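**Q** Sharing a structure with you now.
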Amino acid sequence: MYIGWIHHYIPKLLGFLAFIVNPVFVYLVFSGKSICLGNYRFLLLYFASFNVIYSTLEIAVPIGISGYRYCFYLLLTDGPFEKASSFNHFVLTVRCSMLASSYSILISHFVFRYLVILRSKFTSTRFRFFMTGSFGLCAAYVLFFAWEASGEDEFRSWTGVLMLVFMSSASISTYVFFGYKIMRKLNDSRSHTMMSQETAVLQRKLLIALTVQTIIPICISFMPSLVAWFSPVFNYNMGRAFNYTGTIALSAFPFLDPVAIIFFLPILRQRLWKTKRSEQATTAVSFTMNSV
């Protein structure tokens, strides 16, 4: 399969941008007035760490997406794990599981936001149990790809596709369910007596940021995956264009998601602006002192 410069370099560029943005994102989360986010900061740290791991695998294990007649396939295009071996196949399996693992992390975010509104102890004194469950859910999504079916190839392929669709659809349905429950709880008049106006506004902004954080992988990860899974069912040739757009889209969300959160959360956006202004003021003072 022909690999052009677009397919080769843009995913790597997005990966390096993710290496820059996510540490900045973590700094903003753990500095200044961001302390009002409470234990949610550690969930955001978990999310940023996952983005860095995802981008590392994106660079080290670049993949290509293609199809022929009634099948689609992934292949390693270059890198140190390109040659066929059992270990390299395991690395490819882990690489493919990263997309599904992002669904599990978003589920943890929605559940946490709902538990915060309910004033659950799992967001305060029992937060370590919540994080343990979050890690366990992510591990379950990874192990899903390590399971190997048996039986005829036709049965196995259909089972695999249907299980992937079920897992993705169930994850998205969980987002919608908890998002609806959170909005209903925030709009409930009795909830306003349990939290201050400032806290309610913060919860709404966090929900908006989480919604955008969820829409991005759905649009640039879940939708291309659906096309790759079901195009062979109708004997549709995806062509080289989908290989370019699909692989680039899958590599984009570790960079785009933290940028979206910073943009939609005023606390982080203002913190970033103040940091830039303080650096400019320091530079101006240094220049003045040198001139004197």
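The values are calculated or read from the model by the stated rules, or taken from the named source; none is laboratory data. What you see is a predicted model; the values in this text were computed from it and never measured. Every residue, glycine among them, receives a Cβ derived from its backbone with ideal geometry; neighbour counts consider all protein chains shown.
**Q** Could you check, for segment 74-91, whether at least one of its residues is part of a strand (DSSP E or B), in contact (Cβ under 8 Å) with a residue 60 or more places away in the chain and not β-branched (Val, Ile, Thr)?
**A** Scanning segment 74-91, I find at least one residue that is part of a strand (DSSP E or B), in contact (Cβ under 8 Å) with a residue 60 or more places away in the chain and not β-branched (Val, Ile, Thr), so the answer is yes.
**Q** For segment 82-98, indicate whether the set of residues that are closer than 21 Å to Ile248 by Cβ and modelled with pLDDT under 80 is non-empty.
**A** yes
**Q** Could I ask something else about it? Can you find even one residue in segment 151-168 that is among the β-branched types (Val, Ile, Thr) and either at pLDDT 85 or above or not in a helix (DSSP H, G or I) (or both)?
**A** no
**Q** A further question follows. With modelled with pLDDT of 85 or more, surrounded by 11 or more Cβ atoms within 10 Å (Cβ to Cβ) and out of contact with any Gly (no Cβ under 8 Å at 6 or more places or on another chain) as the only criterion, which of Val201, Val233, Val259 stands out?
**A** Result: Val259 is the single residue among Val201, Val233, Val259 that is modelled with pLDDT of 85 or more, surrounded by 11 or more Cβ atoms within 10 Å (Cβ to Cβ) and out of contact with any Gly (no Cβ under 8 Å at 6 or more places or on another chain).
**Q** Is there any pair linking a residue in segment 97-114 that is farther than 20 Å from Val165 by Cβ and of a type in the set (Gly, Ala, Ser) to one that is at pLDDT 90 or above and surrounded by fewer than 22 Cβ atoms within 10 Å (Cβ to Cβ), with Cβ under 6 Å and at least six apart or on different chains, and which?
**A** These pairs meet every condition: Ser108/Ser134.
**Q** If I ask for residues that are surrounded by 18 or more Cβ atoms within 10 Å (Cβ to Cβ) and aliphatic (A, V, I, L, M), which ones from segment 68-90 would you list?
**A** Leu76, the sole residue that qualifies.
**Q** Being crowded, with 20+ Cβ neighbours inside 10 Å, of a type in the set (Val, Ile, Thr) and either more than 18 Å from the chain's Cα centre (by Cα) or under 22 Å from Val212 (Cα atoms) (or both): is that true of Ile65 here?
**A** Yes; evaluated as a whole, the condition is true for this residue.
**Q** Mind checking which residues of segment 115-129 are exposed (fewer than 14 other Cβ atoms within 10 Å of the Cβ) and free of Cβ contacts under 8 Å to residues at least 24 places away in the same chain?
**A** Lys121, Thr125, Arg126, Arg128, Phe129
**Q** Could you tell me whether any residue of segment 30-46 is more than 14 Å from the chain's Cα centre (by Cα), farther than 30 Å from Phe178 by Cβ and free of Cβ contacts under 8 Å to residues at least 12 places away in the same chain?
**A** Scanning segment 30-46, I find no residue that is more than 14 Å from the chain's Cα centre (by Cα), farther than 30 Å from Phe178 by Cβ and free of Cβ contacts under 8 Å to residues at least 12 places away in the same chain, so the answer is no.
**Q** A follow-up question, please. Applying the selection to segment 104-125, what residues are farther than 17 Å from Ile172 by Cβ and at pLDDT 90 or above?
**A** If the condition is that a residue be farther than 17 Å from Ile172 by Cβ and at pLDDT 90 or above, then Phe112, Leu115 are the ones that fit.
**Q** Determine the pairs where a residue that is part of a helix (DSSP H, G or I), located within segment 177-188, has a partner that is surrounded by 12 or more Cβ atoms within 10 Å (Cβ to Cβ) and among the small types (Gly, Ala, Ser) with Cβ atoms under 7 Å apart, the partner being 6 or more residues away or on another chain.
**A** Taking only residues 6 or more apart or on different chains, the pairs are Lys185/Ser191; Leu186/Ala200.
**Q** Collect the residues in segment 118-132 that are more than 17 Å from Ser104 (Cβ to Cβ) and polar (S, T, N, Q), keeping them in residue-number order.
**A** Ser120, Thr123, Ser124, Thr125, listed by residue number.
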